[in-house]
Amino acid sequence: MKRIVSGIKPTGTLTLGNYLGAIKQFVKLQQKMTDCEFYLFVADLHAITVRQVPHELRKRILDIAAMYIACGLDKDRTVLYIQSEVMQNVELGYILQSNVYMGELERMTQFKDKTAKNETSITSSLFTYPALMAADIILYDADYVPVGDDQKQHLELTRTIANRFNNHYGDFFTVPEPLIPEVGARIMDLQNPEKKMSKSDSNEKGYITLFDDPATIKRKIKSAVTDSIGIVNYDPKNQRGLANLLTIYASITDRKIEDIVKQYEDSNYKQFKEDLGQAIVDVLQPIQEKYNAIVKSSELQEILNNGREIATNYAFKKMRKCKRKVGLGRK
Ligand code: TYM
């Protein structure tokens, strides 16, 4: 049986970008790939690479866990767990740090972006983050890893690390394949379509969160940056903001961009934006209702306990063999 593994970091709030680039893909894959196992987790250890407020972090961890279920993942077919509750993740993360080079880590865009901004408080765990991410994936012998476009580079490094380990110690880890959606892999900021929609962004008008109410969603779409051309057309070079809105529209409704463009060929941006706002509300409202019903439930706690047990079981056996391969311990 093939295994699909992916995670989300509980920093800031979940955005429409996380939904369209990642969670919605998980749900679609689960419906399509009925012969696959799904290991999905909340990447809380990754969150503390930058300073967090403890009680807020703890709340966001449960928020993400609840959202996975609220967005439509089948709890009976998902091993849902919290990264820090499976200690083997950290153990392998450390071993993989010894199988990745400084130069490779220095080339990671996320790290380069931070250093380019002359940030002085970059932690050493932010630097070594890709080794832990590789561990999250190969510890469970993931065959496929569905992610948005921004994680492609980390996935390539994960493959390099897995191959390097296998070449040195003999075949041991499955080398994972990234799965990047054709539409929605990179949702851009609504106010600045040059940069990706991000939950750590400070301008609230630039992103839609999965918790926004209908009026807020519609307002944010209405004020999204477009252009003065005034014709609904998919032209990412000259109409970047509009192209992003069309991508969101296509991705959230599972329609083709060409069909949407055709629908609005005699229309204007106002009508297009009103309909898009409504389409997002139609999807997010039932998700929010489900989220509210589950987030404080004992059912969610049971799902997470069960997930921790299954993930730990797998990880424990894999790590015992891994340490033997590397020559650690006594036997
Ligand atoms: P994170 O938490 O930043 O994002 C979670 C997922 O959402 C996708 N995503 C987007 N997709 C489209 N448009 C956007 N604007 C957008 N913003 C975010 C991301 O690509 C990702 O798939 N390092 C990872 C978490 C992680 C992980 C892993 C993922 C840790 N270990 C192992 C996969 C496998 C991260 O920071 O994602």
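The values are calculated or read from the model by the stated rules, or taken from the named source; none is laboratory data. Just so it is clear, the structure is predicted and the values come from calculations on it, not from any experiment. Don't worry about glycine lacking a Cβ; one is built from the backbone with ideal geometry, like all the others, and counts go over all protein chains shown. With ligands, DNA and RNA removed, areas are computed over all heavy atoms of the protein, side chains included. Shrake-Rupley method; radii C 1.70, N 1.55, O 1.52, S 1.80 Å.
Taking Tyr39 as meeting all but one of (1) closer than 26 Å to Asp212 by Cβ; (2) in contact with a strand residue (DSSP E or B) (Cβ under 9 Å, 6 or more places away or on another chain), write down the number of the exception.
With respect to (1) closer than 26 Å to Asp212 by Cβ; (2) in contact with a strand residue (DSSP E or B) (Cβ under 9 Å, 6 or more places away or on another chain), Tyr39 is out only on (1).
Restricting the search to the range 244-267, which residues are open to solvent by 80 Å² or more (accessible area, probe 1.4 Å) and polar (S, T, N, Q)?
Selection gives Gln263 alone.
Okay, residues lined up against (1) touching a Leu at 6+ places or on another chain (Cβ under 9 Å); (2) open to solvent by 40 Å² or more (accessible area, probe 1.4 Å):
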| site | (1), (2) |
| --- | --- |
| Leu242 | no, no |
| Val283 | no, no |
| Lys296 | yes, yes |
| Lys318 | yes, no |
| Arg324 | no, yes |
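Would you tally the residues in the range 171-204 being free of Cβ contacts under 8 Å to residues at least 60 places away in the same chain, closer than 24 Å to Ile257 by Cβ and surrounded by 14 or more Cβ atoms within 10 Å (Cβ to Cβ)?
Count: 8.
Can you find even one residue in the range 196-214 that is within 13 Å of the ligand (Cβ to nearest atom), at pLDDT below 95 and among the polar types (S, T, N, Q)?
yes
Filter the range 129-163 down to the residues that are within 7 Å of the ligand (Cβ to nearest atom) and of a type in the set (D, E, K, R), then identify the one that is surrounded by the most Cβ atoms within 10 Å (Cβ to Cβ).
Per the criteria, the residue is Asp136.
Would it be correct to say that Lys218 is outside the structural domain of Gly12 (by TED's automatic domain parsing) and either free of Cβ contacts under 8 Å to residues at least 12 places away in the same chain or part of a loop (DSSP other than H, G, I, E, B) (or both)? Reasoning before the result, please.
Values: outside the structural domain of Gly12 (by TED's automatic domain parsing): yes; either free of Cβ contacts under 8 Å to residues at least 12 places away in the same chain or part of a loop (DSSP other than H, G, I, E, B) (or both): no.
Answer is no for this residue.
The conditions are (1) open to solvent by 10 Å² or more (accessible area, probe 1.4 Å); (2) in a loop (DSSP other than H, G, I, E, B); (3) closer than 23 Å to Leu105 by Cα, and Tyr234 fails exactly one of them. Which is it?
The failed condition is (3).
Collect the residues in the range 221-230 that are in a loop (DSSP other than H, G, I, E, B) and either free of Cβ contacts under 8 Å to residues at least 24 places away in the same chain or open to solvent by less than 40 Å² (accessible area, probe 1.4 Å) (or both), keeping them in residue-number order.
Ala224, Asp227, Ser228, Ile229, Gly230
Give Tyr144, Tyr129 a once-over and let me know the one that is in contact (Cβ under 8 Å) with a residue 24 or more places away in the chain, touching a Ser or Thr at 6+ places or on another chain (Cβ under 6 Å) and within 30 Å of Ile287 (Cβ to Cβ).
Details: Tyr144 fails: touching a Ser or Thr at 6+ places or on another chain (Cβ under 6 Å).
Matching residue, one of Tyr144, Tyr129: Tyr129.
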